[in-house]
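Comments concern the structure below.
The values are calculated or read from the model by the stated rules, or taken from the named source; none is laboratory data. This structure is a prediction, so every number in the text was calculated from the model and none was measured. In this analysis, Cβ positions are derived from the backbone assuming ideal geometry, glycine residues included, and neighbour counts consider all displayed protein chains. In case anyone asks, the SASA skips ligands and DNA or RNA and just uses the protein heavy atoms, side chains included. Shrake-Rupley method; radii C 1.70, N 1.55, O 1.52, S 1.80 Å.
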Amino acid sequence: MKPLNEMREVVVGGIGITKWGFYENAEWYDFGSEAILNALKDAGMEWKDIQAAFCGSVYQGTGSGHQAIKEIGLTGIPIVNVENACSSCASAFRLAYQTVAAEIYDIVLAVGMEKMPRGPIPSTAFRPWELKLGFNVQPANYANIAVQYMEKTGATIEDFSMVTVKNRRHGALNPNARFQKQVTLEDVMNSRLVATPLRLLHCCPLADGAAAFILCSKNKLKSKHKVVTVAASTLTSGVYGEGYPPADITPSLNYPAAMSLTELSAKQAYETAGYGPENIDVVQAYDTMAPAELWDLEELGFCKPGEAPHLLREGIFDLNGRIPVNTDGGLMSRGHPLGATAGGQIYEIVLQLRGQAGPRQVKDAKVGLAHAMGAGPNSAVTILKC
Amino acid sequence: MNNGEKRIIPLTEGLYTLPALLDEKPHLIGSKCSNCNELYFPKKEKGLCIHCQQKTLEEVELSRQGKIASFTIVLQPPAGGFYHGPVPYAYGYVDLPEGVRVETQFTGNFNNLEIDGDVELVIEKLYENAEGDEFVTYKFKPLKEQK
Ligand SMILES: [Zn+2]
């Protein structure tokens, strides 16, 4: 196995996104093709320059990427669809990165897109007998992790609420977010209880949308933007012994995991990139539920176990803090189109490193990290540098 | 046809023993690996240990008592229309002393639920259908509420 950091350097040739929200009269192929065209324009490239396409989505069915690309034009290139739950776009990005690094292709498209199903969505992670017992309520799955985290660290429900308040504050500065309105601690604490102790505003909202990336070798770059390089892109799909209730995985008491899937994917990413958490200037963490951002930051190595609530209160994770986290508002503000979500995170890192994040720009951001998780389970870490 | 008599139907077969005698109590049925000693609930039908990948699993009866690892009171009905029990309901995990964590519903007074609290297995109604048939399941109940 050849380490990826010994292979060809891969750079971000172009990026594209749509405004995330609910769209009754558009489908995933509309968002997907719009994001692709935006990425092409950003890259200053022609459609015929693209040599392969990896397309992430979760609920769109057979050939979903083909449907999006058909809107632009079939050109004989291979189109591969990637369904990897909430890590789908990070997984598509990783495949694009690998094929350019391995010099199989020079210019490759990665796109993530989703029109979320309307109404309740039954999870495929749960067996029929578990569905009959009501185990498939995602906030309830997270609530079970949250109460153990509270017991272990002394974190409070106010701490969880402050994650929502912070991310919605950041999201107010993101014109592509579904929610661009700030909320107060009171708003969160007075929102409806969903699964004790978690309330509605501890859960990220859903959304429709897409994000697209053109990855290429450095000699194929056409745009005049600051050059952003892929320093690492890792994927860990579960480890034995670690519990992950949202994917219906119960931990082993006899053989607990030595390292969680998040820790393992982060370790591999830091090793490949040659950076540690102390070198990261901007972070997109996985805040599908507000408390998850806290243990996510701990497992990614940004602080010690149990320290995140304290650092959050100190403002360390604010836009102008020492470790700015979810600068675009996170899942809490962007909304969660499953197949596109990880792409939204990577898109924000590229903007930050290019210095194009406008009012939410982190000063002198040189290295950024995006972390997506999700059912499977999966943990995908992307590190970009400039 | 139930001739007007209401039936008691397990929500799912094979999760627990049904005692033949009145003074016997039900047990959850799990799997134990004779190679690595790993334990599973529910039992693994294929007999393959997902820790050591050997086909060395044997069916075992699990302890009736354990401690609450975590719990939540769910106030939102589950998606998909598969769940017919009451809402709110209590859902979480119980650690059994031999070393296996069990995903479960809890019954009894929700105020008596606490992390590390002692609980015992019960077989209880989850819901009744229009014909009056009772669908029953395993649940765990705080020990202080047991007779
Ligand atoms: Zn075994």
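Within the stretch B:77-90, restricting attention to residues that are open to solvent by 40 Å² or more (accessible area, probe 1.4 Å) and modelled with pLDDT of 95 or more, the residue that is nearest to B:E134 (Cα to Cα) is B:H84.
I'm trying to understand the selection: among the residues of the stretch B:96-114, which are more than 8 Å from chain A (Cβ to nearest Cβ), open to solvent by 10 Å² or more (accessible area, probe 1.4 Å) and touching a strand residue (DSSP E or B) at 6+ places or on another chain (Cβ under 8 Å)? Within the stretch B:96-114, B:P97, B:E98, B:T107, B:G108, B:N109, B:F110, B:N112, B:L113, B:E114 meet the criteria. Quick one: count up the residues across the stretch A:43-70 that are in contact (Cβ under 8 Å) with a residue 60 or more places away in the chain and farther than 19 Å from A:K115 by Cβ. Within the stretch A:43-70, residues that are in contact (Cβ under 8 Å) with a residue 60 or more places away in the chain and farther than 19 Å from A:K115 by Cβ number 5.
Under the condition of being among the acidic types (D, E), closer than 19 Å to B:E38 by Cα and either assigned to a strand (DSSP E or B) or at pLDDT 95 or above (or both), the residues counted in the stretch A:242-278 number 1. Residues in the stretch A:362-379 that are among the small types (G, A, S), closer than 19 Å to A:H170 by Cα and either in contact with a Cys (Cβ under 6 Å, 6 or more places away or on another chain) or not in a loop (DSSP other than H, G, I, E, B) (or both): 3 in all. Condition first: open to solvent by less than 80 Å² (accessible area, probe 1.4 Å), of a type in the set (S, T, Y) and not in a loop (DSSP other than H, G, I, E, B). Can you find one or more residues in the stretch B:1-15 that meet it? Checked against the condition, which is being open to solvent by less than 80 Å² (accessible area, probe 1.4 Å), of a type in the set (S, T, Y) and not in a loop (DSSP other than H, G, I, E, B), the stretch B:1-15 yields no hits at all.
Considering only residues in the stretch A:147-168 that are without any contact (Cβ under 8 Å) to a residue 24 or more places away in the chain and out of contact with any Leu (no Cβ under 6 Å at 6 or more places or on another chain), the one that is surrounded by the most Cβ atoms within 10 Å (Cβ to Cβ) turns out to be A:Q148.
Applying a threshold of 7 Å to beta carbon distances and a minimum spacing of six or more residues, or different chains, the list of pairs starting in the stretch B:34-48 at a residue that is away from the ligand (no atom under 13 Å from the Cβ) and ending at one that is open to solvent by 70 Å² or more (accessible area, probe 1.4 Å) and not in a loop (DSSP other than H, G, I, E, B) reads B:K43/B:E59. Checking each residue in the stretch B:69-95 for being part of a strand (DSSP E or B) and within 8 Å of chain A (Cβ to nearest Cβ) picks out B:A69, B:S70, B:F71, B:T72, B:I73, B:V74, B:Y89, B:Y91, B:G92, B:Y93, B:D95.
Restricting A:L253, A:L319 to residues that are open to solvent by 10 Å² or more (accessible area, probe 1.4 Å), of a type in the set (A, V, I, L, M, F, W, C) and without any contact (Cβ under 8 Å) to a residue 60 or more places away in the chain narrows the list to A:L253.
Would you be able to say whether some residue in the stretch A:279-295 is more than 18 Å from the chain's Cα centre (by Cα) and either outside any strand (DSSP E or B) or modelled with pLDDT under 95 (or both)? Within the stretch A:279-295 (the criterion being more than 18 Å from the chain's Cα centre (by Cα) and either outside any strand (DSSP E or B) or modelled with pLDDT under 95 (or both)), the answer is yes, since at least one residue qualifies.
If only residues of the stretch B:21-33 that are open to solvent by less than 70 Å² (accessible area, probe 1.4 Å) and under 17 Å from the mean Cα position of the chain (by Cα) are counted, the one that is nearest to the ligand (Cβ to nearest atom) is B:S31.
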